[in-house]
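Q: One structure follows; several queries about it will come next.
The values are calculated or read from the model by the stated rules, or taken from the named source; none is laboratory data. Since the model is a prediction, treat every value here as computed from it, not as a measurement. Methodologically, a virtual Cβ is constructed for each residue, glycine included, from the backbone with ideal geometry; neighbour enumeration extends over all protein chains shown. The protein model used for the area step is the full one, side chains on, heavy atoms only, and it has no ligands, DNA or RNA in it. Shrake-Rupley method; radii C 1.70, N 1.55, O 1.52, S 1.80 Å.
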Amino acid sequence: KTGGYPLYVEELVRSLLDKGQLVRTDAGLRLTGSLRETEVPDTIHDIIMARIDRLDGEVKRTLQLASVVGQEFDLALIQAVAEMPPEALLEQLDQLKAQEFIDETAVFPERRYAFRHSLTQEVAYGSLLQRRRDEWHGRVAAALARLAGDKLDDHLPALADHYARSADREKALHYLLLAGDQAARRYMHGPAQSHWERALGLVDSGPDDPERRRQLLDRLGAAHFA
């Protein structure tokens, strides 16, 4: 049923391990019984979602929060929004590592993690209600701004993206403009245009603001001819 597709095979094996139908031994993996009655989900998405649903509630919440932070995330940033003691968060991240949802990619100068597969992040993110996504993106952005300190310019694209996905329209516009202008100064016209187009979308969907709309169209026109 997996068709030999590597990621599908990997996730199916992890699913069977989670359910105890496969166990690790010194000699490798061993079946604990017959697989005849095992239901194999139709897609990789379904397998990953089933694995996420089997997680303990708090561990699942941490995985979902990590999916909002990004494909890669620092311990300091997720700690700033996790609302739990550091020891408890580390224990949950260790569980997610053990079940191969995430990997620890760095320890010094600070712990850093990454999702094992981008599809895992996508499925975890998709399992969140839109209201919760909006809330968490806003909290992640605010925490990132605090942690950045005097190095805020290094994080403008991430801040713009998180606020654009939050319910804070004004901060989204503010950071999208800053990120777009920064990219333009660095002759990165594609990213600049992307930030300004997102800002224009917010302007067009909000209260009438012809002056801001004109400014954005001027920026986009300049980027087009650059």
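Q: Can you give me the angle between helix 6-18 and the longest principal axis of the chain, using Cα atoms only, in degrees from 0 to 90, rounded to the nearest 10?
A: The angle comes out at about 60 degrees.
Q: HN-Hα J couplings of region 149-159 from phi, Karplus 6.51/-1.76/1.60, θ = phi - 60°, integer Hz, Gly and Pro as x?
A: Karplus-based 3J(HN,Hα) across region 149-159 equals x, 7, 10, 4, 4, 5, 10, 4, x, 5, 4 Hz.
Q: At 1.4 Å probe size, with every protein chain present, just tell me what the per residue accessible area of the chain comes to in Å².
A: Values: 12510 Å² over 226 residues.
Spelled out: the 1.4 Å probe surface of the chain, per residue, equals 55 Å².
Q: Explain nothing, just the number: dipole magnitude of region 110-217 about its Cα centre with +1 on each Lys and Arg Cβ and -1 on each Asp and Glu Cβ, in debye rounded to the nearest 20.
A: 360 debye
Q: While we're here: Computing the accessible area with a 1.4 Å probe over protein heavy atoms, can you report the carbon and sulfur percentage for region 19-75? The partial results should precede the final answer.
A: Numbers: 1520 of 3240 Å².
Taking all protein chains in place, region 19-75 shows 47 percent carbon and sulfur surface.
Q: Please work out which option in [x] 19.9; [y] 24.9; [z] 22.6 gives Kirkwood radius over Cα pairs in Å calculated from these coordinates, and answer with its label.
A: After the calculation, the listed value that fits is [x].
Q: What FRET efficiency, computed as 1/(1 + (r/R0)^6) with R0 = 41 Å and r the Cβ-Cβ distance, is obtained for L90 and T2, rounded to the nearest 0.05? Don't skip to the end; give the middle numbers.
A: Numbers: r = 34 Å, r/R0 = 0.82.
The formula returns an efficiency of 0.75 here.
Q: Go through region 46-60 residue by residue and turn each phi into a ³J(HN,Hα) via Karplus (6.51, -1.76, 1.60, θ = phi - 60°); whole Hz please, and just put x for glycine and proline.
A: Couplings: 5, 5, 5, 4, 5, 5, 5, 5, 7, 5, 4, x, 5, 5, 4 Hz.
Q: How high is the relative contact order of the chain, given as a whole-number percent (alpha carbon pairs under 8 Å, six or more residues apart)?
A: 12 percent
Q: What Kirkwood hydrodynamic radius, in Å, does region 58-149 give when the mean of 1/r is taken over all pairs of distinct Cα atoms and then inverted?
A: 13.2 Å is the Kirkwood radius here.
Q: If you don't mind, there's one more thing I want to ask. Loop-only check: which GluC sites (Glu not before Pro) in region 50-145 are DSSP coil with at most 12 other Cβ within 10 angstrom?
A: E83, E110
Q: Could I get the Rg over Rh figure for region 165-217? Both from C-alpha atoms, Rh via Kirkwood, rounded to two places.
A: Rg/Rh: 0.97.
Q: Work out, in µm²/s and without decimals, the Stokes-Einstein translational diffusion coefficient of region 81-206 at 37 °C, 0.692 mPa s, Rh from Kirkwood over C-alpha pairs.
A: For these conditions, the coefficient is 201 µm²/s.
Q: Tell me, which longest segment in the chain has none of the trypsin sites (Lys or Arg not before Pro) that fall in DSSP loops with at most 15 further Cβ atoms within 10 Å?
A: Between exposed loop sites, the widest span is 55-185.
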